[in-house]
Amino acid sequence: MKTKVLMVCLGNICRSPLAEGILKSKIDPNKVYIESAGTGDWHIDHAPDPRSISVGKRYGVDITDQRGRQFSASDFDSFDHIYVMDIRNYEDVIAQARNEEDKKKVKLILDEIFPGEKVDVPDPYHGGSHGFENVYQMLNEACEVIAEKLNKEQQ
Ligand code: 4NP
């Protein structure tokens, strides 16, 4: 059985598509399945933001084929791990949890590198391209740790 991982942000066009692409680049697709979603509904079926596509390309991560979709409570049934980008996402996802088991699946992604410090991946949507570079670097570090853990889980 593949381990299933869901990356969640607000719009599903900036941060979580990058998180999906970066983690995919670090794992064995025969062992781990990864998707992303947004808590909001503005960008359903939209391609990722061109600035996310661009920073991904710079590092060899192609996210052009991804399309936006909205998080729903049924994702708790489909996924083993749900990584959220910031506290607002955390609260929005937890609000849809049906039980303790659902809640246990949800983690702030930067907890992987700054445990317990509640650090957000800042929303880069209204800023310039530097924000996207910053997001990429944070997600790359966190995904490295997640990939190592997933490898161990699979052994
Ligand atoms: P994301 O960024 O949550 O990283 O995808 C955003 C993208 C779009 C919007 C908000 C955040 N929006 O309000 O449309």
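Here, each number is a calculation from the coordinates, and none is a lab measurement. Every value quoted in this text rests on a predicted model; they were computed, and no experiment measured them. Note that we place each Cβ from the backbone using ideal geometry, even for glycine, and neighbour counts take in every protein chain shown.
Some values worked out for this structure:
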| quantity | calculated |
| --- | --- |
| Unmet requirement for Tyr83, which otherwise passes all of (1) farther than 22 Å from Glu141 by Cβ; (2) of a type in the set (Phe, Trp, Tyr); (3) within 14 Å of the ligand (Cβ to nearest atom) | (1) |
| Identity of the residue in the range 1-40, near the ligand (Cβ under 10 Å from one of its atoms) and in a loop (DSSP other than H, G, I, E, B), that ends up nearest to Asn134 (Cα to Cα) | Cys14 |
| Subset tally (residues that are within 16 Å of the ligand (Cβ to nearest atom) and over 13 Å from the mean Cα position of the chain (by Cα)) for the range 53-69 | 7 |
| Hits in the range 130-155 - residues which are within 14 Å of the ligand (Cβ to nearest atom) and either of a type in the set (Gly, Ala, Ser) or closer than 16 Å to Asn89 by Cα (or both) | Gly131, Val135, Leu139 |
| Some residue of the range 91-100 being out of contact with any helix residue (DSSP H, G or I) (no Cβ under 8 Å at 6 or more places or on another chain), away from the ligand (no atom under 16 Å from the Cβ) and of a type outside the set (S, T, N, Q) | yes |
| Index of the failed condition, Arg88 passing every other in (1) within 16 Å of the ligand (Cβ to nearest atom); (2) under 18 Å from Gly21 (Cα atoms); (3) in contact (Cβ under 8 Å) with a residue 40 or more places away in the chain | (2) |
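Every residue, every condition in (1) aliphatic (A, V, I, L, M); (2) over 25 Å from Ile27 (Cα atoms); (3) over 15 Å from the mean Cα position of the chain (by Cα), yes or no:
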| residue | (1), (2), (3) |
| --- | --- |
| Tyr83 | no, no, no |
| Arg88 | no, yes, no |
| Ala97 | yes, yes, yes |
| Glu100 | no, yes, yes |
| Glu117 | no, yes, yes |
| Tyr125 | no, yes, yes |
| Tyr136 | no, no, no |
| Lys149 | no, no, yes |
